[in-house]
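The values are calculated or read from the model by the stated rules, or taken from the named source; none is laboratory data. The structure displayed is predicted, hence computed values, not measured ones. Counting neighbours? That spans all protein chains shown, and the Cβs are built from the backbone with ideal geometry, glycine included. Only protein heavy atoms, including side chains, enter the accessible area calculation; ligands, DNA and RNA are left aside. Shrake-Rupley method; radii C 1.70, N 1.55, O 1.52, S 1.80 Å.
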Amino acid sequence: MISRNFKNVLVVSVGFLSLFTAYGGLQSLQSSLNAEQGMGVASLSVIYASIIISSMFLPPIMIKNLGCKWTIVACMACYVSYSIGNFYPGWYTLIPTSVILGLGGSPLWSAKCTYLTIAGNVQAANEGKKGPDIINQYFGIFFFIFQSSAVWGNLMSSLIFGQDTNIAAIPEEQLKTCGAADCGLNVTSNSTTTRPEQTLVWTLVGSYIGVGVLAMIIVAVFLDNIDREQTSHFRENRDPFCHTFLATFRLLKDWRLLTLIPLTMYSGFEQSFLSGEYTKNYVTCALGIHFVGFVMMCFGASNSVCSFLFGRLARYTGRAALFFFAAVTNFSCIIALLFWRPHPDQLPVFFVFPALWGMADAIWQTQTNALYGILFPRDKEAAFANYRMWESLGFVIAFAYSTFLCLEYKLYIVLAVLVLSMITYPIVEYHEYKNPTPPIEEGAYLDHKETIQTLEDKIISQTQL
């Protein structure tokens, strides 16, 4: 029999898998599908700008009032609205739904991270193991299942768009403009990036809406309300609004969080580069839009498998070794992309880069999320809100300069942020090695009355409730 906590991890993971099968597929296609006037990339910028705003105040308020479970369900509805907006894409449909999605984005991820951290600490206390080890394992399992959403979402898009009868051969003149050899700003109106048949677009978006609604049903029906006691206690003893509102910013007084900002922002830069620049300037330019899904499937498969492996491997190698490995992998890919001239004859190479990128991203995602949970166990909601805020700032900056900076300079920017991250991150890691943050014990998650009865001499508070 699997433990109840492990079952809940699986439910959260499958729910996110279903939700991001839709959103991930749409995000990969925005720079190519809605290329007119940069509308697709603009909608992505608005999404992550809204996430920054929501990170400032929404996660602590929603999680402490609704609890992790119902925060996840409510925010999933925001993601479904974006899929609906893509039915008839235009400035008046994409931008408002992008704002709605962005406002739900930060509470969604903060609630998920908080839920997994609580479940990991409770399970570790039950088994007599170290909290960080179980938390790492749970995040690895989550990202193993979640990252495979890139496989299914992109498989759907490639199979459906592959039925398009208007696929044209790519002229040699256009191939010369692909990759970093050319500025890459004119890959917008040629024959390979025009929209597929409208009926195919509707079929795809309709499928995405369906799996998004399925995600909401899965979480609402099968996920346990693990923090019910905490939320009811909070509602009975409500803090002043300004206290909760400023929780995200108060944590910025901690120098460790400030030092992790470059690493967190790099996560946004590297993800936006692959989904926004690689898909448009390498894949769509040289192969056509119907290949975007297949290439991003390779990224998703690599990311999924490596998330599971690295989640378990971290307890033997430590985080630092994995972060260094990811940095070397990304560094090598960026240098290679600067010199590679993509051509349809080199088809396998188009899949090598996303596979390596997915392997590195698996480390950035699993280990950075786990690191935040370990460093700030008593301020999890505010810590993960900061994580989403700074990661989203990386997305916003990258998508904002997407339409006017040449590809070569975009690669240099990603490289610079990577180097800065590898200078600042070891400082936090060394401090944590010398002064480990004490984990939260099981007693923090028990019923308030139960805690008083069973731990009269040692009552531990999970958060500042």
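Dipole size in debye (nearest 20) for the chain around its Cα centre, Lys and Arg Cβ +1, Asp and Glu Cβ -1?
480 debye
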Worksheet entry | Val305 accessible area, 1.4 Å probe, all protein chains in place, Å² to nearest 10 | 80 Å²
Response to the item:
Carbon and sulfur atoms account, in whole percent of the 1.4 Å probe accessible area of the stretch 109-152, for 58 percent
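Keeping the other protein chains in place, figure out the carbon and sulfur percent of the accessible area of the stretch 1-84, with a 1.4 Å probe.
About 72 percent, which is the carbon plus sulfur part of the accessible surface.
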Discussion item. Using only Cα atoms and rounding to the nearest 10 degrees, what angle (0 to 90) does helix 407-434 make with the longest principal axis of the chain?
Written reply: 20 degrees
Item to complete: Taking each pair of different alpha-carbon atoms in the chain once, compute 1/r for the pair, average those values, and report the inverse of that mean as the Kirkwood hydrodynamic radius in Å to one decimal.
Response: 22.4 Å
Discussion item. Suppose all protein chains stay in the model; what accessible area per residue would a 1.4 Å probe give for the stretch 74-187, in Å²?
Written reply: 36 Å²
Item to complete: Using 0.36 nm per residue of separation minus the Cα-Cα distance, give me the extension gain between Phe6 and Arg250 in nm, one decimal.
Response: 84.6 nm
Fill in: Heavy atoms of Phe324 accessible to a 1.4 Å probe, total area in Å² rounded to 10
140 Å²
Fill in: Dipole of the chain, positive end: most advanced residue of Leu347, Ala180, Ala77 [Cβ charges, Cα centre]
Ala77
Response to the item:
extent check for the stretch 7-145: Cα max minus min per principal axis, descending, whole Å, gives 57, 29, 19
Discussion item. Pairs of alpha-carbon atoms within less than 8 angstrom and 6+ residues apart define the contacts here; what relative contact order does the stretch 52-181 have, in percent?
Written reply: 23 percent
Worksheet, complete the sentence: With a Förster distance of 25 angstrom and the Cβ-Cβ distance between Phe324 and Gln346, calculated FRET efficiency to the nearest 0.05 equals 0.25
Worksheet item: Which order do Glu432, Glu408, Glu173 take by accessible area at a 1.4 Å probe, largest first?
Response: Glu173, Glu408, Glu432
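How would Tyr88, Tyr82, Tyr412 line up by accessible area, probe 1.4 Å, largest first?
Numbers: Tyr88 150, Tyr82 0, Tyr412 105 Å².
Result, largest first: Tyr88, Tyr412, Tyr82.
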Worksheet item: With every protein chain kept in the model, how would you rank Phe6, Phe273 by accessible area, 1.4 Å probe, largest at the top?
Response: Phe6, Phe273
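Write down the accessible area per residue of the stretch 243-359 in Å², having rolled a 1.4 Å probe over the full set of protein chains.
36 Å²
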Discussion item. Along the Cα→Cβ direction, 7 angstrom out, place labels at Ala336 and Trp91. What is the inter-label distance in nm?
Written reply: 4.1 nm
Worksheet item: Using a 1.4 Å probe, how large is the accessible area of Ile84, given in Å² and rounded to the nearest 10?
Response: 90 Å²
Discussion item. Relative contact order of the stretch 324-396, please, whole-number percent, based on alpha carbon pairs below 8 angstrom and at least 6 residues apart.
Written reply: 31 percent
Worksheet entry | Nearby lysines by direct alpha-carbon distance to Lys434 (threshold 18 angstrom, same-chain neighbours under 8 apart not counted) | Lys130
Worksheet item: Under 23 Å Cα-Cα from Lys280, which lysines qualify once same-chain neighbours fewer than 8 residues away are excluded?
Response: Lys176, Lys410
Item to complete: Using only alpha carbon pairs under 8 Å that are at least six residues apart, calculate the relative contact order of the chain and give it in whole percent.
Response: 28 percent
Worksheet item: How large is ³J(HN,Hα) for each residue in the stretch 52-61, as worked out from phi by the Karplus curve 6.51 cos²θ - 1.76 cosθ + 1.60 (θ = phi - 60°), to whole Hz, x for Gly and Pro?
Response: 4, 5, 5, 5, 5, 8, 6, x, x, 5
Worksheet, complete the sentence: Which of Lys64/Lys112; Lys69/Lys129; Lys7/Lys69 exceed 19 Å between C-alpha atoms? The answer is Lys69/Lys129
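Nothing charged except the Cβ atoms of Lys and Arg (+1) and of Asp and Glu (-1): what's the magnitude of the dipole of the stretch 320-418 about its Cα centre? Round to the nearest 20 debye.
80 debye
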Discussion item. Kirkwood Rh and Cα-based Rg: tell me the resulting Rg over Rh for the stretch 259-311, rounded to two decimals.
Written reply: 1.08
